[in-house]
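First comes the structure, then the notes that go with it.
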Amino acid sequence: MKTVGKWLVAFGFFAFILWVILLANRGEVGQWFGFIRTLPYGDKLGHAVLFGGLALLFNWALAWRSMDSAGWLQWGTGLVATFALFEELSQAWNPNRTLDWWDLMADGVGFLVATLLAVWLKRGSAPAPESALR
């Protein structure tokens, strides 16, 4: 997929997450996603999947670029983690939201899984060293 298409997918998913955050800030998220409450740890699972998925999509759009030579500090994960941290902390000032450190932990699990997948996908998509000789 071309770079523009990757960014459209990543920002489309980001727009979806912004919509969910807007609903939550207005106290309306239960109307749309009430089924999450029926799942054991559904809220935490949602945090891990949504923010981890967004991090993976941003890593993909950024062509698996990393901040370190080993490849473990992915730019996409860092950007999404910064956004998630500020979004979670902002809940302290919203009467419809609750600042929950377990949500941050769930986000962190999602970021860890996204980074592991990004590193694995990057290594799988890189040409083998001997292929340059042929």
Residue that is over 30 Å from Val4 (Cα atoms) and touching a residue at least 24 places away in the same chain (Cβ under 8 Å), where the choices are Asp103, Asp107: Asp103
Matching entry among Leu8, Leu50, Leu79, Leu23 (being in contact (Cβ under 8 Å) with a residue 40 or more places away in the chain and either within 30 Å of Ser125 (Cα to Cα) or open to solvent by less than 40 Å² (accessible area, probe 1.4 Å) (or both)): Leu50
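The values are calculated or read from the model by the stated rules, or taken from the named source; none is laboratory data. What you see is a predicted model; the values in this text were computed from it and never measured. Here the Cβ is made from the backbone with ideal geometry for all residues, glycine too, and neighbour counts use every protein chain on show. All accessible areas refer to the heavy atoms of the entire protein, side chains included, with ligands and DNA or RNA removed. Shrake-Rupley method; radii C 1.70, N 1.55, O 1.52, S 1.80 Å.
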